[in-house]
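The values are calculated or read from the model by the stated rules, or taken from the named source; none is laboratory data. Owing to the predicted nature of the structure, the values given are computational and were not obtained by experimental measurement. Cβ atoms come from the backbone with ideal geometry, glycine included; neighbour counts cover every protein chain shown. Keep in mind that these areas ignore ligands, DNA and RNA; they rest on the heavy atoms of the full protein, side chains included. Shrake-Rupley method; radii C 1.70, N 1.55, O 1.52, S 1.80 Å.
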Amino acid sequence: MQNFFHRENCHSCNQFDLIKVLDLGEMPLANSFLKKEELSGQEQKFPLVAYFCNNCGLLQLSDIVDPELIFRQYSYLTSASKPLADHFVKAGNNFADRFVDSKDDLIVEIGGNDAVLLSAIKDRCKVLNIEPARNIAKISIEKGVETIDEFFNKKLAEKIIENYGHAKIVVANNVMAHIADIKSVLEGVKILIGDDGVFIFEVHWVDNLLGEGGFDQIYHEHIFYHSLFALNNLVKQFGLNIFDVELIPIHGQSMRVYVGKNKPVGNSVTQFLEKEKKLGLDKAKTFLKFSNKVENIKEQLINLLKELKKQNKKIVGYGAPAKGNTLLNYFGIGSDIIDYIIDTTPLKQGMYTPGAHIPIYSPEKAKEDIPDYFLLLSWNYVDAIVEKEKELRSQGVKFIIPVPEVKII
Ligand code: JHZ
């Protein structure tokens, strides 16, 4: 692959029945933060266009960037967002309670990042992290979790079985949206879980883009925006079945999906599929309304920010999440509006955002250089952040929440 390629047919059903639903233009990679000396160089940009498959219902990108370029050096650390880390510690224990019988059972996590989930349960069973980001895999190893720094696929699954045996659980949180070669992942999972194992993954729910979440979750790393309907169509091609599902309040709203072989399908699945049908998530026309919504938010937010700037207000970005870069770049918000951004991730501090080139600092800076407003780019943690910053709020600092509707708190 030469950095990126465009495919004409659906990643899941292979049909040539894709309908363009949102075109965000050419964008830099959302996690490619820049060093100061890189700012004057040419930044690589790639088309960011979402298509809906009229045949199997999968919302997807057709312009696929080489994963080596996106994931080998990665700047996102699960542990940097406390609410997310707490969530994964709880999730890991919950999976172990439900499916682990003995200390010899193996849990493999695909894309386990800095091993927050696996560290929490490594005393309860055998754990293995498959984390292709070499810098992050190192951190995982330092935490005492055995880690392979490769991309997961069928070939790697065969190697794992040879060296460690079958897995009782394969976990893949925020990964099923990210891998273009999703079929090789499912082939690998299918053999790795043997006859009785389970595959559990969390992935943002497509309704999240339209409902309680934001369009900004569209960026090149996220190739797929799954509905349970589309996922069902995908996994059954591999003799796998979805037997349970939960809606969880993570990254707006995510699905936690349980997959196995010939497992009895729970009510949760039928009810979820019915709900999606009512929401029209299997219909292109639902998604065709989407770009109007994005344009409305754009107009509201830009007007608000311009008005505040006219009043000489100081605005600072709160959080430098990947999705924030879709929002900043698509809306054309730069350092003329946002003075700087604060973020808890050490790997992002001292860097500049891709495209908009806004400098990122540690959260301490905002305590010395107090803004009038924070633009909350990490809107998915709104409750935790508003609570955490009560002291700054008591000094009059307000938060602008950009999605799903622009509001000030
Ligand atoms: P956060 C990530 O997206 C990356 P991002 C990835 N592509 C993915 O799939 C999704 O998750 C699901 C900071 N922060 O979790 C830390 C604070 O500064 O919304 C992070 O940089 N202070 C794998 O990047 C960012 O905000 C805080 O108090 O959009 C949050 O990133 C908190 C809570 C976070 O995911």
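Looking only at the stretch 61-91, count every residue that is away from the ligand (no atom under 12 Å from the Cβ), assigned to a helix (DSSP H, G or I) and surrounded by 19 or more Cβ atoms within 10 Å (Cβ to Cβ) and tell me the total.
Total satisfying the criteria: 1.
Could you list all residues from the stretch 92-113 that are more than 14 Å from the ligand (Cβ to nearest atom) and either charged (D, E, K, R) or in a helix (DSSP H, G or I) (or both)? Let's see the steps before the verdict.
We begin by selecting, within the stretch 92-113, every residue more than 14 Å from the ligand (Cβ to nearest atom); these are 92-108.
Matches in the stretch 92-113: 92, 93, 94, 95, 96, 97, 98, 99, 101, 103, 104, 105.
Restricting to the stretch 119-142, and then to whatever is part of a helix (DSSP H, G or I) and of a type in the set (S, T, N, Q), can you tell me which residue is surrounded by the most Cβ atoms within 10 Å (Cβ to Cβ)?
So, considering only residues that are part of a helix (DSSP H, G or I) and of a type in the set (S, T, N, Q), the one surrounded by the most Cβ atoms within 10 Å (Cβ to Cβ) is 140.
Looking at 337, 400, which one is more than 10 Å from the ligand (Cβ to nearest atom), in contact (Cβ under 8 Å) with a residue 60 or more places away in the chain and outside any helix (DSSP H, G or I)?
After applying the criteria, what remains is 400.
Residues are listed down the side, and each one gets a yes or a no for (1) assigned to a loop (DSSP other than H, G, I, E, B); (2) more than 15 Å from the ligand (Cβ to nearest atom):
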| residue | (1), (2) |
| --- | --- |
| 281 | yes, yes |
| 299 | no, yes |
| 302 | no, yes |
| 308 | no, yes |
| 323 | no, no |
| 333 | yes, yes |
| 366 | no, no |
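Within the stretch 51-60, can one find any residue that is within 16 Å of the ligand (Cβ to nearest atom), within 19 Å of residue 321 (Cβ to Cβ) and not basic (Lys, Arg)?
no
Assigned to a strand (DSSP E or B) and open to solvent by 20 Å² or more (accessible area, probe 1.4 Å): is that true of residue 23 in this structure? Don't jump to the end; show me each part of the working.
Values: assigned to a strand (DSSP E or B): yes; open to solvent by 20 Å² or more (accessible area, probe 1.4 Å): yes.
Yes.
Run down 100, 145 and say which single residue is surrounded by 15 or more Cβ atoms within 10 Å (Cβ to Cβ) and touching a Cys at 6+ places or on another chain (Cβ under 6 Å).
Going through 100, 145 in turn, just one is surrounded by 15 or more Cβ atoms within 10 Å (Cβ to Cβ) and touching a Cys at 6+ places or on another chain (Cβ under 6 Å): 100.
Please verify whether the stretch 164-174 includes one or more residues that are farther than 28 Å from residue 13 by Cβ and of a type in the set (D, E, K, R).
Yes, some residue in the stretch 164-174 is farther than 28 Å from residue 13 by Cβ and of a type in the set (D, E, K, R).
Restricting the stretch 340-364 to residues that are more than 12 Å from the ligand (Cβ to nearest atom), touching a strand residue (DSSP E or B) at 6+ places or on another chain (Cβ under 8 Å) and small (Gly, Ala, Ser), which is least open to solvent (accessible area, probe 1.4 Å)?
355
Which condition number in (1) without any contact (Cβ under 8 Å) to a residue 24 or more places away in the chain; (2) of a type outside the set (Lys, Arg); (3) not assigned by TED's automatic domain parsing to the domain that holds residue 206 is the one that residue 71 fails?
Only one criterion in (1) without any contact (Cβ under 8 Å) to a residue 24 or more places away in the chain; (2) of a type outside the set (Lys, Arg); (3) not assigned by TED's automatic domain parsing to the domain that holds residue 206 is unmet by residue 71, namely (1).
Looking at the stretch 289-307, can you tell me whether even one residue there is buried (at least 23 other Cβ atoms within 10 Å of the Cβ) and of a type in the set (Phe, Trp, Tyr)?
The first filter runs over the stretch 289-307 and keeps only residues buried (at least 23 other Cβ atoms within 10 Å of the Cβ), leaving none.
No: the stretch 289-307 contains no residue that is buried (at least 23 other Cβ atoms within 10 Å of the Cβ) and of a type in the set (Phe, Trp, Tyr).
Could you list all residues from the stretch 216-248 that are more than 21 Å from residue 14 (Cα to Cα) and within 13 Å of the chain's Cα centre (by Cα)?
Within the stretch 216-248, 216, 217, 218, 219 qualify.
Looking only at the stretch 162-190, count every residue that is open to solvent by less than 50 Å² (accessible area, probe 1.4 Å) and closer than 27 Å to residue 74 by Cα and tell me the total.
Total meeting the criteria: 20.
Being touching a residue at least 60 places away in the same chain (Cβ under 8 Å), more than 16 Å from the ligand (Cβ to nearest atom) and open to solvent by less than 10 Å² (accessible area, probe 1.4 Å) narrows it down to one of 218, 242, 193, so name that one.
193
Consider residue 3 carefully, then state whether it is within 30 Å of residue 350 (Cα to Cα) and at pLDDT below 95.
yes
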